[in-house]
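Take a look at the structure below.
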Amino acid sequence: MRTSNNSLSSRKLLIMGIFIAVGIVYIVKLFSLQVVDKHYKQLADNNALRFVTQYPARGKVFDRNGQLLVFNEAVYDLMVVPRQVIQAVRKDTLNPFDTATFCRLLEIDKASFVERMNKAKKESYLKPSPFMTQVSKENYAHIAEVLYRFPGFYFQTRTVRHYPNAIAAHTLGDIGEISPAELEKDEEGYYRQGDYIGKSGIEKSYEKELRGVKGLKVMMVDVHNREMGSFMDGELDKEPVAGKDIYLGLDADLQAYGEQLMVGKIGSIVAVEPSTGQILAFVTSPTYDPNLLVGRERGKHYKELQEDPMKPLINRAISGTYPPGSTFKTVVGLIAMQSGSITPQTVFHCNGPGSLPIKCTHHHGGAPDFANAIMNSCNPYFYESFKATINNPKFGGIREGYQYWKDMTAKMGLGHKFNTDIPYERSGNIPTKEYYDRMYKGQWNSVTIRSLGIGQGEVLVTPLQLCNIAAMIANEGYYYPPHLIKCFGDTTAIPEVMTTRVDPGIDPRYVRTMKNGLRTVFSGPAGTARRYEMKDIPQCGKTGTAQNPHGNYHSNFIAFAPADNPKIALAVIIENGGYGATWAAPIASLMIEKYIRGYSTREDLEKRMMEGRISYKNER
Amino acid sequence: MNERNSIIGRIDWVTVLIYFALVIIGWFSIFSAKYDELHPSIFDMSQVYGKQLIWIGASLLVGFIILLIDAKFFNAFSLWIYIFFLVSLLAVLVYGKATKGATSWIDLGGGIKFQPSEFAKMATALALAGYLDRLDVDLQKRKDQIIAATIVLVPMALVLAQNDTGSAIVFVSFIFVLYREGFPGAGWLMVAGVVAILLFVFTLVWSQKVMYIILGVLLVLTLTFYIVTKKKGIVRMLAVFAIAFTFVFSVDYAFNKVLQEHQRNRILVLLGQLDDPKGVGYNVHQSKIAIGSGGFAGKGFLQGTQTKYDFVPEQHTDFIFCTVGEEGGFLGTATVMLLYLGLLLRIIILAERQRSTFSRVYGYAIAGILFVHIAINIGMTIGLLPVIGIPLPFLSYGGSSMLAFTIMLAIFVKQDAYRLNVL
C-alpha cells in the first residue's frame, strides 16, 4: 500500500482552519442571537400563540331581478386546544378547570364532554378543533362572559346560510361540514376538519367563488387565556377575502308560483329563457324549506327528509328520468325533416285506433300532413316518420340510419349531461345500436324499435333536457346549454360553456314548420291544449301522455311563448297525472302567464291547479 | 477471540464518546420537541422518540458488528458497496417516477422506508478511498483525476435527479479530501467556491449594477496596485476579474432560469429580499425565535414553549437544533457546536496518523461530509444559510440518517483501530 503523500500533510491546516473558522462564526452568531439580542426572548416570553382562522363572508345569492335568495347569519363555534385544557386540568391547581360548571354552562353532560374532547384530541393535540359548532347568539353571549375561566377554549365566529324566501331548496343547495372523503380530495389543502363546504346545488358548483379565501390572525395569549394582541404586529396575519355574490337566472316569483302549483303532485317544472339558456324556474316536487338544513338541527332534518317515502331530497328536474311520450314527436319530426325523409307536405295514412303497428289515440281520420299530425299528436304519422328516417336509403342501412338519428338527438341535448353548473345531473337514455344488437341478437329494424318514434320504450329524458328541446324550437334551431347562473356580483365572466351557442344543425325552415304545428296545439280546433289558449299571449306547446311502469300515465307538456318572440320555454312533468292536457298543459300555461303578465287572469284554473292533489300509492 | 476482546482497547474512545454524547442529546431533544402529555414516557414506542430509540439501538448493533468485521473488508469491497448504492439510487429514480412526484425513499414494507442517498455519501467515500489507495493511481495524472471526479459526480447527479438538492450539495464536501490528496486546483476550487457564494449572495442583495460598481472600484484599485508596485501577474488578475464580471452577469440568469421557485424563494427570504412570513421566512423566523428565546442557560428540559406548538415545521428532523437552542440556551448550543468541532478535528487528526491511504482518504471524506451537513443544517436554523432540508448528524430524527452516519463513523473507527496492522 501507498503511504506517500504525507508531504501534503500540512494541507490539514487549511482544512482544520476552515472547520474552526466556521465553528467560531456560528458560535459568535449563536451568542449574539441567544445572549446579546433580547428581541427574540420578548417575542417568545411566556406567550402562546393562537391561530384564529378568519372566515370570509360567503357570497350572497340573488335572483335575476336582484331579490335576495341566500344570505349569511353569524354563529359561533366554540374551539378547543386540547393541550391547553389538559395542562390546565393537571397543573393549574390555583385555578382548577371546573368541568362540572363548564358542562352546565354548555348544557351537555360529562360523557358528551369527554367524547367531544377525545374527538378534538384525535384531530390535533396542539391545534384548535371545533368543540361545539354553531352556538346561538344568546348562548354565545352567556358563555363568552365566563370563558376566561376555561383555558384552551375560545370562540370563533362563522356564518351560516339563511333563506328569506324558503324556495328553490334544490337549486340553491346547502353547505355542511366537510367530509373525510372531501378532505382527501382537497389537493390545494385549503380545507380543515370542521370547515364548511357546498354540498349540493349552486353552493357546490360555485363553492370556490362563493367561499372566498380564509384569513388568519395570529394572537398572543397569556397564561390566563386572555388575548394579548396581535403577534408581530399582525405581520403574519392574512385578511380574509370575501366570497363573490352570485345572481341566478332564476325568477324568485315564478319559482315560488311553480312550487305552489306543484303542491300535492310529484314531478317537475323547468323554465328557461331561450335567448340565454338561463333557468327561470327549477321546480321539483315535493320540495322542502332550505332553512331546515341549516344549524345544529341539520343532521336531524336531513335524516327525516332522507327517510320520507316521497323522496323530497331528489331534484327531479335533473335526476328524474322519464319517458317523454308525445312531446318527443317534436324531436322525431325535426330529424325526419332534416334528413330529408319527410317534407312538411308528406302525408301518412291514419286509421285512428285501428292503425298498425301503433294505434292512434285520436279520431282525426284520413291522411294528416305534418302540421295536422302535430296538432292531433298522431301516433302513426310519427311512427312512419321515424321509420322513414331510419330506413332512409341514403344511410345505407338500418344501423347507420339509427346512428344518424341518435347522433342528432345527442346534438339536441338528449342522452347526455349538459355539464354546466348543475350538480348531480343525469344523462337520461337514448339507446345505442349496440344495445339493440345485444337485446335482439342483431335481428332488429325500424319496426322492432318503433316505440322510440312516439317517445316510449327505452328513451328517457330529464325535465331539463325536455325543456331544452322547447327552448331550441323557440329559438328556431339553436340553444344555449341551460344553466343557473346569470352573472357574478363582481362581473367576472361566467364559464364559456354556458354562453356558447349550440347548433344541432336543423334548418330553421323545418323548425318554423314545427313551431307553427306547436302553435296549433293551442290555437287549432282539435289542438290538444286548446282549452288553455290566451288571446293576447300566443303560446306554442306539445302534450305528452307517457306510459310508465309506476301506474297511471305521466302528464307531460313542453311549451314556449310568446310564439313570435319567445321569452320563456318550459317543460312540465306530473308523475301519474294522466293526460298531458289534464295537468301539465294548464300548469305550463299558468307559468307562462305569470312570467309574461305577472299575474293570472284565470283564477278558477289557477285555484284548481294549486289545490289539485294526485294520490300516490307507490313508494318512489 | 483475542482480537475481539482487544477491540475495546484499540478503538478511539474520544470519537466514540463524542458520538454517544451527540446521540443522547439528539434523543432527548426529539423527546422534548415532540413531547406529548398523553405519552409521557421517552420509551413510548408509538411516538417518534420511542422510534428513535429503536433506530439508535439498531445503529449501535450495526456499528458493533462493523467493529467485528475484518478491517480489510471495506477496502476490498468498496467498489461493490459503491455499485450497490448507485443501483439503489437508480431504483429510487425509477420507483419515484412510478409513484408521481420526486421521492428519495424506497418503501421496504412494514412502514420501513429506506433512503439510499443517505448511504450513498458513505459509499462514495469508500469508493474514492479504495481508488486512491491503489498503487498505480496518481492524482497528478489526467486519467486518474477524471476517474476520481467521476466517482464523486455520478452519485451526486443521481441524487440531484431525485430533486434532493440538499443531499446533492453534500457531495461538494469531497473537495476537502481531493485538496488534501493533491488534486490539482482543488484548493483554488475551495477558495473560489467561497468567493462565488459571497458574490452570488451579494449580487442578489445589492443587484447587478452595484456589484459592477464595486468590482469596478476593486479593479481600478488592483490595477493601480500592480502598476505602482510593478508586480508580475497582472494578466492573471485581469482574467480573475473578467471571470468575476461574467459570474455576476450570469448569476441573474442562473437565479431566474436555473433554480426552481421554492429554491429561489428560500434564498430571497434569507437575504431579506422577499417578505413571506407564512412561507419559508416563517420557518426561519420561528426557528430564530425558538433559539433566541433560549437565552444563556436555556429554559430547561421540556420547558420550551416555542418548539412545542408546531411553529417550526420539521422540528424533530431538520430543525432539531431549535430545541437544543431553546431548552439548552447558549450553553447547550455551544456545547453541541464544540462537540461537533471536536469530532471533526479528531477525525482529521486520526486520519493523518493512518498508515494506509485508504483510511486517510476515507477519514477526510467523512469529515467533509459531516462538516457540510452540520454547517448547512445549523446555518439554516440560525438564519445564516438558506433552508436546505438535510439532517443534523446524530441529532435529527430519522432511521436512515442515524444508521448511515453511525455506519460511516464506525467504519472509520475500525480502520483507525487496526491502523498498525497495515504493513
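What to note about this one:
- Percentage relative contact order, the range A:252-611, counting C-alpha pairs under 8 Å, at least six apart: 21
- Summing both sides, the accessible surface hidden between A and B at a 1.4 Å probe radius is close to 5300 Å².
- A protection proxy built from the mean count of other Cβ atoms within 10 Å ranks the segments B:20-33, A:264-277, B:231-244, most packed first, as A:264-277, B:20-33, B:231-244.
- Accessible area per residue in Å² at 1.4 Å probe, computed on the range A:67-197: 49
- Note on the range A:252-611: Cα convex hull, mean projected area over all directions, 19.1 nm².
- Cross-link table B:LYS209/B:LYS288; B:LYS34/B:LYS121; A:LYS535/A:LYS594; A:LYS127/A:LYS217; A:LYS265/A:LYS486, entries beyond 21 Å C-alpha to C-alpha: B:LYS209/B:LYS288; B:LYS34/B:LYS121; A:LYS265/A:LYS486
- For the protein assembly as shown, share of DSSP beta bridges that run antiparallel, in % to the nearest 5: 95
- Here is the size of the range A:99-173 from its Cα atoms: Rg then Dmax, 15.7, 45 Å.
- The mean count of C-beta atoms from other chains within 10 Å of the C-beta of residues in A:15-28, rounded to a whole number, is 6.
- Computed from the alpha carbon atoms alone, the convex hull of the range A:492-590 holds 156 Å³ per residue.
- The mean number of Cβ atoms from other chains found within 10 Å of a Cβ in peptide A:35-41 is 5, as a whole number.
- Under 13 Å from a label point set 7 Å out along the Cα-to-Cβ vector of A:LYS238, no amide N atom of the range A:148-187 is found.
- The range A:413-465: trypsin sites (Lys or Arg not before Pro) falling in loop per DSSP and having at most 13 other Cβ within 10 Å: A:LYS441
- Note that the range A:252-611 presents 38 Å² accessible area per residue, ligands and nucleic acids not counted, probe 1.4 Å.
- Over all distinct Cα-Cα pairs of the range A:50-248, the Kirkwood formula returns a hydrodynamic radius of 18.4 Å.
- Full extension of the chain segment joining A:GLN403 with A:LEU13 gains 131.7 nm, where the gain is 0.36 nm per residue of separation less the Cα-Cα distance.
- 3J(HN,Hα) couplings calculated from phi for the range A:162-170 with the Karplus curve 6.51 cos²θ - 1.76 cosθ + 1.60 (θ = phi - 60°) are, in sequence order, 9, 10, x, 9, 6, 10, 6, 3, 5 Hz; Gly and Pro show x.
- Averaged over the residues of peptide B:294-303, the number of Cβ atoms from other protein chains lying within 10 Å of each residue's Cβ is 2.
- J(HN,Hα) series, the range B:391-400, from Karplus relation 6.51 cos²θ - 1.76 cosθ + 1.60, nearest Hz, glycine and proline x: x, 8, x, 6, 9, 5, 6, x, x, 4
- Based on Cα contacts under 8 Å between residues 6+ apart, the range B:111-170 shows a relative contact order of 33 percent.
- Positive dipole terminus of chain A, leading residue within A:GLY489, A:PHE51, A:LEU460 (C-beta point charges): A:LEU460
- Carbon + sulfur, % of accessible area of the range A:252-611 - ligands and nucleic acids excluded, 1.4 Å: 50
- With every protein chain in place, the range A:50-248: carbon and sulfur % of accessible area (1.4 Å): 50
- Measuring nothing but how far apart in sequence close Cα pairs (under 8 Å, 6+ apart) lie, relative to its length, chain A scores a relative contact order of 14 percent.
- Loop GluC sites (Glu not before Pro), the range A:245-344 (other Cβ atoms within 10 Å of the site Cβ: 13 or fewer; DSSP): A:GLU297
- One quarter of the surface of the convex hull around the alpha-carbon atoms of chain A equals 46.2 nm², the direction-averaged projected area.
- Magnitude of the charge dipole, the range A:252-611, Cβ model with Lys/Arg +1 and Asp/Glu -1, debye to 20: 700
- P(r), alpha carbons of the protein assembly as shown - 10 Å bins starting at zero, rounded %: 2, 9, 14, 14, 12, 11, 11, 11, 8, 5, 2, 0, 0
- For chain A, the residue among A:TYR191, A:PRO368, A:MET16 whose Cα projects farthest onto the positive side of the dipole built from Cβ charges is A:MET16.
- The range A:574-620 - Debye-derived log10 I(q)/I(0), Cα point model, q = 0.14 Å⁻¹: -0.39
- Computed from backbone phi, the HN-Hα couplings of the range A:422-434 come to 10, x, 6, 4, 10, 7, x, 8, 10, x, 8, 5, 5 Hz, rounded to whole numbers (Karplus: 6.51 cos²θ - 1.76 cosθ + 1.60, θ = phi - 60°; Gly and Pro given as x).
- Residues of the range B:4-47 whose accessible area, computed with a 1.4 Å probe over protein heavy atoms, drops by at least 40 Å² once all protein chains are present relative to their chain alone are B:GLU37, B:LEU38.
- Segments A:375-384, A:109-118 sorted - mean Cβ within 10 Å per residue, highest first: A:375-384, A:109-118
- For A:ILE246, distant residues with modelled amide H under 5 Å away: A:LYS60, A:VAL61, A:PHE62, A:GLY489
- Expressed to the nearest 5 percent, the antiparallel share of DSSP beta bridges inside the range A:252-611 is 95 percent.
The values are calculated or read from the model by the stated rules, or taken from the named source; none is laboratory data. Owing to the predicted nature of the structure, the values given are computational and were not obtained by experimental measurement. Counting neighbours? That spans all protein chains shown, and the Cβs are built from the backbone with ideal geometry, glycine included. These accessible areas exclude ligands, DNA and RNA; they are computed on the full protein's heavy atoms, side chains included. Shrake-Rupley method; radii C 1.70, N 1.55, O 1.52, S 1.80 Å.
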